[in-house]
Amino acid sequence: MRSHNRLSSFLVSFTAFVLAGCATPPEKLALVNPQATALQTSCAICLPCSVCTPPSSTSTVKQAEPFDGKQPASEAAGTFPDPARGRLERSNWQALPNWGTDDPSDALAAFLQGCPMLKTQPAWADVCAKGAALQVRLDARTDTPTKARTQTRAAANKKTSVTQFFEAEFEPYQTVNADNSQTGVVTGYYEPLLRGSRTPTPEFRYPLYASPQDLISIDLSEVYPELKNRRLRGRLVGNKLIPYYDRAAIESESQPLRGLEIAWVDDSVESFFLQIQGSGQIQLPDGTRMRIGYADQNGHPFKSVAGALIRKRELKIENASMQGIKAWAERNPSKVRQFMNVNPSYVFFKELPGDLSGPIGTLGVPLTAERSIAVDQRVIPLGVPVYLSTTLPLSKEPMNRLVVAQDTGGAIFGAVRADFYFGFGDAAGNLAGRMKQQGRMWVLLPRGYDPNAPVTPSPGITPTIPLMITPVLAAPQTAQ
């Protein structure tokens with residue numbers, strides 16, 4: 001956007017304002033009972049920056065909720081950890097709880113999907129090539145007709161082969177938070193199914209919008225290199241860049257985005273939670289399905305509807321999950337729009353090919369159910385295998401498995417923080433909506449790889465993180 005001379009004065013003043021203060025990243029809605037301590041928001045614009053004071057253990061308690069859409073990635077594997085968010089410490093295989101009991105075959109397949117983003121770096125090119133060769137051999141064995149007893153033995157051999165591959169080619173690094181703690185929160189998300197139509201009807205009247213052409217996204221590093229990974233969103237009115245329409249304006253009777261509808265659904269609450277998940281499928285009247293994914297976001301910061309409901313005593317804190325909010329909406333249809341408008345953030349969608357194996361994550365590859373996670377890519381590079389040690393939703397039953405970092409989220413902040421992708425449909429949603437467990441994480445990196453050595457970002461990954469512009473740009477405000 002460097003050619004837009006009329007933005008120069010705005011960018012100068014905005015940059016001075018940004019560098020004068022510091023803020024924490026926007027929250028991600030975790031589909032959870034919101035009883036966790038989240039990050040303290042110290043001003044009205046959310047800007048991850050190297051001079052920020054890391055969040056302390058005495059951060060203000062805020063109500064967590066699921067994230068409203070997937071954000072652009074910063075970098076694939078090779079990004080050195082941001083010390084304000086955490087670090088990676090060399091570990092050993094014996095430290096991984098129950099390593100070897102999980103069958104990592106699906107994780108290998110998920111890892112190989114992201115290899116095109118990684119193999120431009122020599123260390124990753126080697127392990128990707130070896131992993132692909134192993135997958136070919138394993139597929140050849142699977143295609144060979146065998147008896148049931150032999151199939152059982154073959155499955156065990158496959159598990160052993162894949163486990164040995166990771167042990168031979170990778171080294172584990174434990175993720176450690178900025179406050180030196182080694183545990184963090186693991187939440188969940190999923191791909192919902194909605195009922196809808198490509199044309200409006202009395203039944204299907206709630207629109208889903210494509211990204212507007214007048215939504216301006218500015219990569220500030222093109223003008224100010226020191227603001228690398230900073231992006232500004234808004235719209236032009238005359239020669240001024242102002243905040244884009246918020247949720248209330250977009251869903252008002254004036255319908256400023258009329259004509260950009262890609263589909264209509266039958267439930268405004270399901271539409272709201274679709275934006276939280278960032279992707280989903282729509283069951284059409286003819287029996288076919290339409291898959292949609294995150295296209296962009298209006299630039300406004302996410303604000304917690306659960307928190308608003310709790311403050312107004314509309315909802316008890318123990319019921320402030322996705323399921324609890326939906327139940328409240330069914331009991332209070334006249335209040336739904338009022339409380340949904342508390343969150344000014346709005347997500348725009350695009351139609352995706354129907355034959356994809358899953359929704360597209362930030363890495364640009366389809367997510368794999370129960371093998372993909374969203375992470376803070378300033379600590380954990382996208383595309384890398386991660387060993388996750390946590391428990392099942394609302395349970396003490398261990399869940400230890402190898403997953404792959406393939407997605408991001410606005411409130412996925414810090415080294416030991418993950419959002420676990422449960423898959424598609426109601427069953428996955430029931431698990432995701434109740435997932436808020438403690439966990440530990442180990443990143444697997446190629447042997448000899450230095451996680452602290454900066455490298456050039458892999459092609460195909462947009463090296464930007466959005467800045468959330470707010471209606472008041474003149475000065476930061478303390479979050480309520």
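Data for the structure
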item	result
Alpha-carbon centroids, segment 169-190 and segment 196-256: separation in whole Å	34
Cubic angstrom per residue, convex hull over Cα atoms of segment 231-316	159
Selection from Q255, G299, Q277, by position along the positive dipole direction of segment 229-327 (Cβ)	G299
Approximate spin-label separation R447-E261, in nm, with each point projected 7 Å along Cα-to-Cβ	6.0
Among beta bridges that DSSP assigns inside segment 300-415, antiparallel share in %, nearest 5	75
Å³ per residue enclosed by the Cα convex hull of segment 150-257	313
FRET efficiency estimate (nearest 0.05) - Cβ-Cβ, V223 to R331, R0 41 angstrom	0.25
Diffusion coefficient, µm² s⁻¹, Stokes-Einstein with Kirkwood Rh over alpha-carbon pairs of segment 305-452 at 37 °C and 0.692 mPa s	188
Segment 296-362 - percent of accessible surface contributed by carbon and sulfur, probe 1.4 Å	48
P(r), alpha carbons of segment 319-395 - 10 Å bins starting at zero, rounded %	12, 27, 32, 26, 2
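The values are calculated or read from the model by the stated rules, or taken from the named source; none is laboratory data. These numbers were taken from a predicted model, which means no experiment stands behind them. Heads up, the Cβs are rebuilt from the backbone with ideal geometry, glycines too, and the neighbour counts pull from every protein chain shown. Areas reflect the complete protein model, heavy atoms only, side chains present, ligands, DNA and RNA absent. Shrake-Rupley method; radii C 1.70, N 1.55, O 1.52, S 1.80 Å.
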